[in-house]
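The values are calculated or read from the model by the stated rules, or taken from the named source; none is laboratory data. No experiment lies behind these values; they were computed from the predicted model shown. Here the Cβ is made from the backbone with ideal geometry for all residues, glycine too, and neighbour counts use every protein chain on show. Surface accessibility is based on the protein's heavy atoms, side chains included, excluding ligands, DNA and RNA. Shrake-Rupley method; radii C 1.70, N 1.55, O 1.52, S 1.80 Å.
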Amino acid sequence: MRWNPADDRFAETIHAQLGSDVLRPIAERYLEEPRGRFVGQPGLLALPRTVDEVSALVRMAAEAGVPVVPYGGGTGLVGGQVVPDGPTPLIISLERMTAIRAVYPTENILIAEAGAILADVQAAADDADRLFPLALAAQGSCRIGGNLATNAGGVNVLRYGNARDLCLGLEVVLPSGEIWHGLSRLRKDNTGYDLRNLLIGSEGTLGIITAAALKLFPRPNSVGTAMFQVASPEAAIDLLSLSRDQVGEGISSFELIHRQGLDFLSETLPEVRQPFASPAEWNVLVELGLSAGQNPSDMLEAIFVAAEERGLVSDAVIAQSEAQRSELWAVRERIPEANRLIGSVSSHDISVPISRIPEFIRRAADVVAGQGPFRVNCFGHLGDGNLHYNVFPPGGKDKADFVEQRGAVKRAVHDLVNEFGGSVSAEHGIGRLKTEDLERYSDPVRLQVMRDIKAALDPHGIMNPGVVLAR
């Protein structure tokens, strides 16, 4: 398909149909992504106010053959929010569509427009004495439409699932400009193909999510948080099993933290208070959310005693206040910031079957060592098998010294992930960064079905071209 640029002539078409208030000057932030791997082209920036305006914009783009880039909070880590080459695009940002349209506490449902910031969705649920459990480091700036478009994960997937599991219905503008009015509040509906799940995780390549019906949950009556020093990744998995036996579904988060991440914090963010004077090689951050009548501190202490008897843990810090809980979470949540300050050679958002994580970590250390004298910070959501396996230059060196090795390191790690039956994208999506990985590791039939779906829904290929599927 030969696309046309979003130029002055196309801008005149938009002005004629929607007035002068929709198009805005493009600030640099719309052309950037957090890791600096891609730089977007300055085409046109549209800030629609309603789903009808989104529909009109997409319809005009389809008729003119202009590529469209849906834009949420710009926090994605795989380059799906920018177009670095080809004809200049129409960027459609939903930042003016932020309304919480309705809350149904008795149904545990909230309907939000796609531009609503995740933290504001959480707050709206809280106002109704409910919980919206999607929780990410970027929740103060990411938007719910982007969360759904990338099927975001976060720290509560173990208990509540990914963004996909937290959505009942969608309102979507399709590549033709037609609006799919799918804001269903039904929890059981077997009337044909599940378009909701097709659109969630499609990264703006099949349409633009403009609103969503989201699942809410009762707020836990009490919350308990602890950091455990564990003997090994195997011990961490045994601790997870032991904790589930004692608490059941009360475990909200179960995060694995390697000492390298703590060392990076000490080096770059010394103001972050760490719980142990002598960090262990491996640590686990556990959070419980319990119902009335249950004491989380007692539960965590019982877990520690049982785990210590089995040789799984050597020490623990159990938060005794909200301030202490925040301090423990700050350790986990600021590790990515420390990583950025150190500068990685190659970062990997991967998942492998939980029982094989210890073996993977051992094998991966050898694989990385074969590439050079690198440091590895392995951390992540152990309870759902998602590891952030990031490779860094040796101490005293800079990532710029190893740019030529980035591809080889990434390929070596991803080859091993594939050997273990894992995924090279656990929660960040494919974007532009991993299109080659998708082609290399996907089942050929699955990949062809994806291409067929794309061709059927977006025959002119205008929706986020080059994202997920290579051009």
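A few notes on this one:
- Each label was represented as a point 7 Å from its Cα along the Cα-to-Cβ direction; for VAL223 and THR13 these points are 4.8 nm apart.
- Euclidean distance of C-alpha centroids, region 301-332 and region 187-263, integer Å: 20
- Accessible area (Å², 1.4 Å probe, nearest 10) - ASP458: 10
- Cα centroid separation - region 1-54 against region 351-407, whole Å: 38
- Among PHE420, ALA135, ALA123 the positive-end extreme of the charge dipole of the chain (Cβ point charges): PHE420
- With the whole protein complex present, TYR160 retains an accessible surface near 30 Å², based on a 1.4 Å probe.
- Peptide ranges 113-122, 5-14 listed from the most packed, as the mean C-beta count within 10 angstrom indicates: 113-122, 5-14
- When the solvent-accessible area of region 82-181 is split by element, carbon and sulfur atoms take up 48 percent of it, the probe being 1.4 Å.
- Simple rule: put +1 on each Lys or Arg Cβ and -1 on each Asp or Glu Cβ in the chain, find the dipole, and look at GLY80, VAL247, THR205; the Cα lying farthest toward the positive end is THR205.
- Summary of packing: across the peptides 147-154, 275-282, 96-103, the per-residue average of other C-beta atoms within 10 Å ranks them, highest first, as 147-154, 96-103, 275-282.
- Counting only heavy atoms of the protein chains and using a 1.4 Å probe, GLU419 has close to 110 Å² of accessible surface.
- Magnitude of the charge dipole for region 289-390, about its Cα centre and with charges confined to Cβ atoms of Lys, Arg (+1) and Asp, Glu (-1), is about 460 debye.
- Cα gyration tensor shape of region 1-121, rounded if a/c is under 1.5, else prolate or oblate by comparing a/b with b/c: oblate
- Relative contact order [Cα under 8 Å, 6+ residues apart], the chain, whole percent: 15
- Cβ charges +1 (Lys, Arg) and -1 (Asp, Glu), total dipole of region 336-471, debye: 180
- Annotation: per residue accessible area for the chain equals 42 Å², rounded to a whole number [probe 1.4 Å, protein chains only].
- Lys, Arg +1 and Asp, Glu -1 on Cβ, resulting dipole of the chain about Cα centre, debye, nearest 20: 720
- Ordering 263-270, 327-334, 283-290 by mean Cβ neighbour count within 10 Å, with the highest value first, yields 283-290, 327-334, 263-270.
- DSSP-defined beta bridges in the chain - what % are antiparallel, rounded to 5: 90
- The chain: Lys pairs at Cα distance under 23 angstrom, eight or more positions apart or on different chains: 6
- Mean separation of Cα pairs under 8 Å and 6 or more residues apart, divided by the residue count, gives region 113-247 a relative contact order of 26 percent.
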